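*Asks:* Quick one: structure below, then a few questions.
The values are calculated or read from the model by the stated rules, or taken from the named source; none is laboratory data. None of the values given here were measured: they were computed from a predicted structure. Every residue, glycine as well, gets a Cβ built from its backbone with ideal geometry; the counts of neighbours run over all protein chains shown. Side chains are part of the model used for accessible areas, which takes the heavy atoms of the whole protein and leaves out ligands, DNA and RNA. Shrake-Rupley method; radii C 1.70, N 1.55, O 1.52, S 1.80 Å.
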Amino acid sequence: RTKGLDIVVTGRWFIGKSVIETSLAANYSETNLYDSILYAKSLPDTEKYRKLLVNREERCRVETAYPQSKMILNVSYKIDRWRLNASFIRYGEIIQSGNDTLRNVHPTTYPDETFSPKIVSSLNINWKAKSWFDITLGAENIFNVYPDKLKYKPNTQSGLLVYNPNFA
C-alpha cells in the first residue's frame, strides 16, 4: 500500500523584455507491505519458508530502499532567443537492509546501512535559432554529487561494489 502527497507551486514574473519562471515540486510517499503474504502451498508453513521469498531485505526494497521524499526546484530566465535554466533535485534518505535469513546465522554479516539525502544540480543554456531549431548546451550533476559509499565491507560483495547495488 502506498500513500503520498504531491505539491507543485509555479510562478512567472515579467521584468522588461525578460521572463523568470520557477517551479517547486515536492513529493512524499510511504509504501508498506501489509496483511499476510501468501506463499506457495507446496512449501511447509514454517518461519524458514515464510521468510524465504519476502525476507527483510526484500521488504526493504519495497518499503525503504527508495527515497520517500523528492523535491525539484527549477528556475528559468528567458530573454529574446536565450533561456538559462537551473534545476535542483533533492532525493531523500534511503535504507538498505540485510537478508534476515543470513542475519539469523551471522547478525553482523550484512549490517543495515542508511544513506543521506542528496541534491543533484543541472544547468543549461538554450538559444532558439529558428522556431523549429534550438541549440542547447548543458551539464548534469554540476557539483559532482554521488551517493554515499557503502560503509561496511561485507555489503560490498568482497569489495566489488562501492555504492548501494539498488542504485549503481
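*Asks:* How high is the FRET efficiency from Phe143 to Lys48, r the C-beta distance, R0 41 Å, rounded to 0.05?
*Replies:* 0.30
*Asks:* Further, regarding this structure: Enumerate the amide H contacts of Leu150 below 5 Å, restricted to partners 5 or more residues apart or on another chain; note that Pro and chain-start residues carry no placed amide H.
*Replies:* Tyr163, Asn164
*Asks:* Still on this structure, I have one more. For the chain, what % of the accessible area comes from carbon and sulfur atoms, probe 1.4 Å?
*Replies:* That share works out to 59 percent.
*Asks:* Quote to one decimal, in nm, the extra length available between Val162 and Thr2 on full extension: 0.36 nm per residue of separation minus the C-alpha distance between them.
*Replies:* Working: separation 160, 0.36 × 160 = 57.60 nm, distance 3.01 nm.
The span from Val162 to Thr2 would gain 54.6 nm if fully extended.
*Asks:* Can you give the helix-only mean residue ellipticity at 222 nm for the chain, where every DSSP H stretch with n ≥ 4 adds -39500 (n - 2.57) and the sum goes over all residues, rounded to the nearest 500 deg cm²/dmol?
*Replies:* -3000 deg cm²/dmol
*Asks:* Something else: Rolling a 1.4 Å sphere over the protein heavy atoms, what is the accessible area per residue of the range 40-91, to the nearest Å²? Before the final figure, lay out the partial values.
*Replies:* Working: 3640 Å² over 52 residues.
Computed with neighbouring chains in place, this is 70 Å² per residue.
*Asks:* Can you compute the radius of gyration and Dmax for the chain, using only the Cα atoms, both in Å?
*Replies:* 22.7, 74
*Asks:* Quick check: residue separation of Ser29 and Asn74 times 0.36 nm, minus the Cα distance between them. What number comes out in nm?
*Replies:* Stretched fully, the Ser29-Asn74 segment lengthens by 14.1 nm.
*Asks:* Any chance you could run the full-extension gain for Thr114 through Tyr152? It's 0.36 nm times the residue separation minus the Cα-Cα distance, nm to one decimal.
*Replies:* Between Thr114 and Tyr152, full extension yields an extra 12.6 nm.
*Asks:* Shifting gears a bit: Rounded to the nearest 0.05, what FRET efficiency do Ile95 and Ile135 give with R0 = 45 Å and r taken as the Cβ-Cβ distance? Could you check?
*Replies:* 0.60
*Asks:* Can you tell which of Phe143, Pro44, Ser97 lies farthest toward the positive end of the dipole of the chain, using +1 and -1 charges on the Cβ of basic and acidic side chains (Lys, Arg; Asp, Glu)?
*Replies:* Final value for the positive-end residue is Phe143.
*Asks:* Can you give me the distance in nm between label points at Trp82 and Arg56, each placed 7 Å from the Cα along the Cα-to-Cβ direction?
*Replies:* 5.6 nm
*Asks:* Counting only residues 5 or more places away or on other chains, whose amide H sits under 5 Å from the amide H of Asp112 once H atoms are built in the peptide plane?
*Replies:* Gly98
*Asks:* Further question: Per residue of the range 155-163, what does 6.51 cos²θ - 1.76 cosθ + 1.60 with θ = phi - 60° give for ³J(HN,Hα)? Whole Hz please, x for Gly and Pro, Karplus curve as stated.
*Replies:* 6, 8, 6, 6, x, 6, 9, 9, 10
*Asks:* Now a separate question. Quick one: net charge of Lys149's neighbours, Cβ under 13 Å, K/R +1, D/E -1?
*Replies:* +1
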